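*Asks:* This is the structure I want to talk about, given as structure tokens.
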Amino acid sequence: MKIVYIGGGSAYAPGVLQAFISAPDVYAGTEITLVDVDQPNLDIVQRLGEKMARAAHVDLTITTSIDRAAALSNADFVLTSFRAGGFKARALDERIPLKYSVVGQETVGPGGFFFALRSLNVTRTLCAEIERICPNAWLINYANPTNIIGEAVSRFSRVKVLALCDGGKHDAFHVAEQLGRNARETEFMGYGLNHATWSTRFTIGGEDGVELMAREHDRVIGDPYVPSKVKRMFRLAKRYGRLPNEYMQYYYFPEETLHEANAAKMTRAEVVMSELPRIFAHYREQAECGEPHITLQRGGSGFGEFAVDVITAVVRSSGRVEMLNVPNKGVLPNLAYARVAEVPCRIDRSGATPLAQGEMPGELRGLISSLAEYQALAARAGWFGESREAAIEALAANPLMWKLDVERVEALYVEMAEAHRQWLPAGLL
């Protein structure tokens with residue numbers, strides 16, 4: 001089996017490689033080709049990955065390439081976890097919208113929109129290469145914004161795609177930890193759109209997680225050491241009786257989140273950029289050890305397990321059920337049929353079969369339906385990259401932009417497009 005990992009020189013990559021190494025019964029004898037534009041970091045990750053595999057006595061071949069098309073030859077799976085424009089572009093996504101009194105964030109609002117435009121500019125070419133070089137390969141998308149990428153690829157290409165995010169599951173883990181419980185006792189399922197989901201099943205040790213949150217609500221809200229984003233999940237859970245995705249805070253608490261973003265001395269991208277040299281120094285150090293022991297990495301311990309679990313479910317045709325981003329096809333009856341939704345799916349060698357969920361209640365449906373239509377407009381504008389006007393109209397459809405006059409939306413678009421000029425197709429400038 002051959003797996004091509006686009007973005008394999010990132011700080012996340014060692015965690016993904018560790019997840020493959022931890023499943024030797026499935027991946028022994030597999031070739032993993034790391035592809036990235038950053039050759040020095042690519043070399044570090046390869047050396048580290050080889051040492052980790054050797055220390056674990058796992059037969060795994062790890063190669064590298066900066067030639068993506070050449071790497072795709074004979075690929076069975078193409079795993080994408082790249083960041084188009086890098087953290088420099090993310091910092092622009094976070095800073096520029098604040099000038100217009102709109103939150104700047106990686107996957108939400110105008111920041112998420114421009115991240116989608118950059119990501120789709122790469123993904124469109126990648127899909128053309130997959131169709132030509134390895135048409136039977138699965139594209140396992142872990143790049144953001146995964147919902148918009150999944151929407152575009154499923155509608156506008158012939159590539160077999162599974163779009164992933166483990167955010168909802170990790171939200172449940174974080175809540176369990178705040179309640180003093182073991183995250184491994186947690187069960188979570190939900191529905192909606194990526195970064196806009198609500199729980200349908202959330203238990204901790206067999207107990208109703210939302211009820212546990214209600215019991216501890218006042219203590220958590222009063223604890224100065226609990227992060228504000230976690231407190232907002234508790235507040236929303238109390239009101240709606242479901243666990244919200246962490247990113248729901250931007251829609252339900254726009255004034256609070258905007259105030260926090262304006263008050264922060266550094267954006268999240270700037271914080272990460274300040275941390276990366278230390279992380280890669282640690283990787284270099286461990287790559288020289290006989291038995292590497294990674295104690296510092298992006299994504300935390302366990303990052304990459306979800307992507308590997310999904311690939312394993314396809315390889316083994318296991319029928320494992322996980323939340324994935326797939327075309328709705330009536331699974332959520334009151335969401336457009338063709339929209340990509342994040343719903344529980346049964347995974348086997350044929351891909352992901354979404355499981356019927358029934359109608360969303362009206363108090364949840366309004367925002368999710370609006371975001372779904374924005375998602376579709378963004379996917380089309382980014383994939384074809386030919387019409388600045390279509391892109392502006394897509395951005396204006398994002399619920400976080402509704403506070404601005406349409407001319408202000410256009411002004412924001414123009415400023416961000418100019419800042420991102422080197423990463424966008426000419427038709428969007």
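*Asks:* Over what distance in Å are the Cα centres of region 334-410 and region 162-234 separated?
*Replies:* 24 Å
*Asks:* Now a separate question. Please figure out what share of the DSSP beta bridges in the chain is antiparallel and state it in percent, rounded to the nearest 5. Before the final figure, lay out each step's value.
*Replies:* Values: 25 of 48 bridges.
For the chain, the DSSP antiparallel bridge percentage is about 50.
*Asks:* Around Arg346, which amide H atoms from residues at least 5 apart in sequence, or from another chain, sit under 5 Å from its own amide H, with H modelled in the peptide plane?
*Replies:* Thr353, Leu355
*Asks:* Might you tell me the accessible area per residue for region 344-417, computed with a 1.4 Å probe and given in Å²?
*Replies:* Working: 3380 Å² over 74 residues.
Normalised by residue count, the accessible surface of region 344-417 is 46 Å².
*Asks:* Within 10 Å, at most 16 other Cβ atoms, and a DSSP state outside H, G, I, E, B define an exposed site. Report the longest part of the chain free of exposed chymotrypsin sites (Phe, Trp or Tyr not before Pro).
*Replies:* No qualifying site falls inside 1-224, the longest such stretch.
*Asks:* Of all GluC sites (Glu not before Pro) in region 331-393, which ones are in loop regions per DSSP and have a Cβ with at most 14 other Cβ atoms within 10 Å? Intermediate results must be reported in sequence, preceding the final value.
*Replies:* Numbers: sites: Glu342, Glu359, Glu363, Glu373, Glu386, Glu389, Glu393; in loops: Glu359, Glu386.
Those that pass, being in a loop and sparsely packed, are Glu359, Glu386.
*Asks:* For region 270-429, what is the relative contact order in percent, using Cα pairs closer than 8 Å and at least 6 residues apart in sequence?
*Replies:* 13 percent
*Asks:* Please work out whether region 1-81 counts as rounded, prolate or oblate from its C-alpha gyration tensor, where a ≥ b ≥ c are the square roots of the eigenvalues and a/c under 1.5 means rounded, while otherwise a/b larger than b/c means prolate and anything else oblate?
*Replies:* Details: a/c = 1.86, a/b = 1.24, b/c = 1.50.
It is oblate, given that a/c is not under 1.5 and a/b is not larger than b/c.
*Asks:* Just tell me which aspartates and glutamates come within less than 15 Å, Cα to Cα, of Lys238; anything on the same chain fewer than 8 places away is out.
*Replies:* Correct list for Lys238: Asp208, Glu211, Glu216, Asp218, Glu246, Glu363.
*Asks:* Still on this model: Calculated from DSSP H runs of 4 or more alone, at -39500 (n - 2.57) each and per residue, what is the 222 nm mean residue ellipticity of the chain, nearest 500?
*Replies:* Working: 17 runs with 211 residues, N = 429.
That comes out to -15500 deg cm²/dmol.
*Asks:* Could you name the lysines in cross-link range of Lys51, using Cα to Cα under 28 Å and dropping any fewer than eight places away on the same chain?
*Replies:* Cα-Cα hits under 28 Å: Lys2.
*Asks:* Does region 272-429 come out rounded, prolate or oblate, given a ≥ b ≥ c as the square roots of the eigenvalues of its C-alpha gyration tensor, rounded meaning a/c under 1.5 and, failing that, prolate meaning a/b above b/c?
*Replies:* Values: a/c = 2.34, a/b = 1.18, b/c = 1.98.
Taking the square roots of the gyration eigenvalues as a ≥ b ≥ c, region 272-429 is oblate.
*Asks:* Modelled label-to-label distance, Glu373 and Ala336, 7 Å Cα→beta-carbon offset: nm?
*Replies:* About 0.8 nm separates the two model spin labels.
*Asks:* Shifting gears a bit: Tell me the net charge near Gly85. Cut-off is 12 Å between Cβ atoms, Gly85 excluded, with +1 for each Lys or Arg and -1 for each Asp or Glu.
*Replies:* On the way: positive: Arg83, Lys88, Arg90, Arg118, Arg421; negative: Asp93, Glu106.
Taking every Cβ under 12 Å from that of Gly85, the sum is +3.
*Asks:* Only Lys, Arg, Asp and Glu count, each charged at its Cβ (+1, +1, -1, -1), so figure out the dipole size of region 336-413 about its Cα centre, rounded to 20 debye.
*Replies:* Working: 8 positive and 11 negative charges, 61 e Å.
That gives a dipole near 300 debye.
*Asks:* Here's something else I'd like to know. Taking the Cα centre of the chain as origin, work out the dipole magnitude from +1 charges on Lys and Arg Cβ and -1 charges on Asp and Glu Cβ, in debye rounded to 20.
*Replies:* Roughly 320 debye for the chain.
*Asks:* Next question, about the same structure. Straight-line reach only, C-alpha to C-alpha below 28 angstrom: list the lysines that Lys99 could link to, leaving out same-chain residues fewer than 8 apart.
*Replies:* Lys88, Lys229, Lys231, Lys265, Lys403
*Asks:* Residue farthest toward the positive end of the dipole of region 199-351, with Cβ of Lys/Arg at +1 and Asp/Glu at -1: which of Ile347, Thr203, Gln297?
*Replies:* Working it through, the farthest residue towards the positive pole turns out to be Ile347.
*Asks:* On the protein heavy atoms, probe 1.4 angstrom, tell me the percent of accessible surface of the chain carried by carbon and sulfur. Before the final figure, lay out each step's value.
*Replies:* Working: 8430 of 17550 Å².
The nonpolar share, carbon plus sulfur, comes to 48 percent.
*Asks:* Report, for region 132-236, the % of DSSP beta bridges that are antiparallel, rounded to 5. Present the calculation step by step, with values, prior to reporting the outcome.
*Replies:* Details: 10 of 14 bridges.
For region 132-236, the DSSP antiparallel bridge percentage is about 70.
*Asks:* Put +1 on the Cβ of each Lys and Arg and -1 on the Cβ of each Asp and Glu in region 31-135; which of Ile62, Gly85, Thr125 then has its Cα farthest toward the positive end of the dipole?
*Replies:* Projecting each Cα onto the dipole axis, the largest value belongs to Gly85.
*Asks:* Compute the Cα gyration tensor for region 44-167, then decide on rounded, prolate or oblate, letting a ≥ b ≥ c be the square roots of its eigenvalues: rounded whenever a/c is under 1.5, prolate when a/b is larger than b/c in the other cases, and oblate in all that remain.
*Replies:* Verdict is oblate for region 44-167.
*Asks:* Can you give the relative contact order of the chain as a percent, counting alpha carbon pairs under 8 Å and 6+ residues apart?
*Replies:* Working: 809 pairs, mean separation 77.9, N = 429.
Normalised by residue count, the contact order of the chain is 18 percent.
*Asks:* Here's another thing I want to ask about it. Which label belongs to the value computed from this structure, given these candidates for Rg and Dmax of the Cα atoms in Å: [x] 21.5, 66; [y] 21.0, 61; [z] 32.3, 117?
*Replies:* The value matching this structure is [y].
The values are calculated or read from the model by the stated rules, or taken from the named source; none is laboratory data. Keep in mind that what you see is a predicted model, and the values were worked out from it rather than measured. Ideal geometry is used to build each Cβ from the backbone, glycine not excepted, and the neighbour counts take in all protein chains shown. To get the accessible areas, we keep the full protein, side chains included, count just its heavy atoms, and leave off ligands, DNA and RNA. Shrake-Rupley method; radii C 1.70, N 1.55, O 1.52, S 1.80 Å.
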